[in-house]
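Student: Have a look at this one before I ask anything.
Read-outs throughout are calculated quantities, based only on the coordinates presented, and are distinct from any laboratory measurement. What you see is a predicted model; the values in this text were computed from it and never measured. Every residue, glycine as well, gets a Cβ built from its backbone with ideal geometry; the counts of neighbours run over all protein chains shown.
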Amino acid sequence: MIAEVPEKVSQTEITFKVEEIEPLLSGPKSQLAPFEPAMIKIKDGSTMVIRELRKDEAPDLLKVVKQLIDIDHDFYDIVGVRVYAEILGWLRNRLKDPYMLVGVVDGELAAFADGRKRDEDINISLHTLAFRRGGRAGAAMYYAKCQYVFEVLEQSEFWATYESYNGWKRWGFGMAQPSYPWPEYQHELGGATVYYVDQDYWHSTVKNYVKQIVGSELVRPVPGDLLEKSRKIKFPEKPLV
């Protein structure tokens, strides 16, 4: 099997050609169903388009995320490091079954969310970042991520953990998420406690909760002109924190 090399290398031959080694080093892949672009009216009255991040957009997004590493409050530094590694892992084919979503308002980056399919039953929630304040764009991204996991991929559980107090308050405590016993169960982000949502809880409670926070629901399809406007993103010079 021959695969494209996603990174420059200093030595093109070891014993095997790097193109032959790449399939052994890439994150194992399954065929993920695509995320169909959606739009949602956020709290500030704007319409946000949510779609998959393209790999050609990743370098510009990495420049923004990298700046979070130097912020010394509210755990932005550790979130920045981890999100940077997740995007880079996806870009370099070193992450198993990831999905990367961006929220775009009037052509400008408003939010980002990512996760990955661990196996057929369990999905791992990684991170959600808002780059636009006052609209609850992050909550809208969480809503979109959950809907994708439970209604498109049709997985059984969505596992999360929290680095910040605000994140835990809004999602862990706010949704009364149950947790698995530790240390028998550990989240891959640092081995912390696993909080989870399952299909029943999503449909009975969580879906309505996130819709209430955002103030509206996801709509598909996205009109062609609005979708086209989201194709070329203006990235902020620095993140708002």
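Student: Under unit Cβ charges (Lys, Arg +1; Asp, Glu -1), what dipole magnitude, rounded to 20 debye, does region 1-111 have relative to its Cα centre? Show your work: numbers first, answer last.
Tutor: Values: 14 positive and 20 negative charges, 43 e Å.
Around 200 debye, computed over region 1-111.
Student: Sorted by packing (mean other beta-carbon atoms within 10 Å per residue), highest first, where do 49-55, 231-237, 174-180, 122-128 land?
Tutor: By packing density, highest mean first, the sequence is 122-128, 49-55, 174-180, 231-237.
Student: In sequence order, what are the phi-derived ³J(HN,Hα) couplings for region 51-65 according to the Karplus relation 6.51 cos²θ - 1.76 cosθ + 1.60 with θ = phi - 60°, rounded to whole Hz, with x for glycine and proline?
Tutor: Coupling constants for region 51-65: 8, 6, 5, 8, 5, 6, 8, 4, x, 5, 5, 4, 4, 6, 5 Hz.
Student: Next question. Which is farthest toward the positive dipole end of region 97-241 among TYR99, SER216, SER204, measuring Cα position about the Cα centre, with Cβ charges +1 (Lys, Arg) and -1 (Asp, Glu)?
Tutor: Of the listed residues, the answer is SER216.
Student: Is the shape of region 22-101 rounded, prolate or oblate, going by the alpha carbon gyration tensor and its root eigenvalues a ≥ b ≥ c, with a/c under 1.5 for rounded and a/b larger than b/c for prolate?
Tutor: Taking the square roots of the gyration eigenvalues as a ≥ b ≥ c, region 22-101 is oblate.
Student: If you take Cα extents along the principal axes in Å from the coordinates, which of (i) 48, 40, 36; (ii) 58, 47, 38; (iii) 54, 41, 36 do you get?
Tutor: (ii)
Student: Rounded to the nearest 500, what is the 222 nm mean residue ellipticity of the chain from helices alone, with -39500 (n - 2.57) per DSSP H run of 4+ residues and division by all residues?
Tutor: Here the helix-only value at 222 nm equals -7000 deg cm²/dmol.
Student: Please report the relative contact order for the chain, taking Cα pairs under 8 Å with a sequence separation of at least 6, and give it as a percent rounded to a whole number. List each step's numbers first, then the result.
Tutor: Values: 399 pairs, mean separation 54.2, N = 241.
Taking the mean separation of contacting Cα pairs over the length of the chain, I get 22 percent.
Student: Can you give the net charge of the other residues whose Cβ lies under 15 Å from the Cβ of ASP44, counting K and R as +1 and D and E as -1?
Tutor: +3
Student: Okay, moving on. Give me the net charge of PRO236's neighbourhood, meaning all other residues with Cβ under 14 Å from the Cβ of PRO236; Lys, Arg count +1, Asp, Glu -1.
Tutor: Overall, the nearby charge balance is +1.
Student: May I pose another question? Can you tell me, using C-alpha contacts under 8 Å and at least 6 residues apart, the relative contact order of region 1-109 as a whole percent? Intermediate results must be reported in sequence, preceding the final value.
Tutor: Working: 115 pairs, mean separation 32.6, N = 109.
Rounded, it is 30 percent for region 1-109.
Student: Could you work out the local net charge near ASP121, counting Lys and Arg as +1, Asp and Glu as -1, over the other residues with Cβ closer than 12 Å to its Cβ?
Tutor: Spelling it out: positives minus negatives among the neighbours equals -3.
Student: Report the charge-dipole magnitude of the chain in Debye, nearest 20, computed about the Cα centre from +1 at each Lys and Arg Cβ and -1 at each Asp and Glu Cβ.
Tutor: Here the chain has a charge dipole of around 780 debye.
Student: Now for a separate question. Going through the cross-link list LYS41/LYS207; LYS8/LYS29; LYS8/LYS238, which pairs have a Cα-Cα distance over 25 Å in this structure?
Tutor: From LYS41/LYS207; LYS8/LYS29; LYS8/LYS238, over 25 Å: LYS8/LYS238.
Student: Distance between the C-alpha centers of region 125-179 and region 9-55? Whole Å please.
Tutor: Centre-to-centre (Cα) distance: 20 Å.
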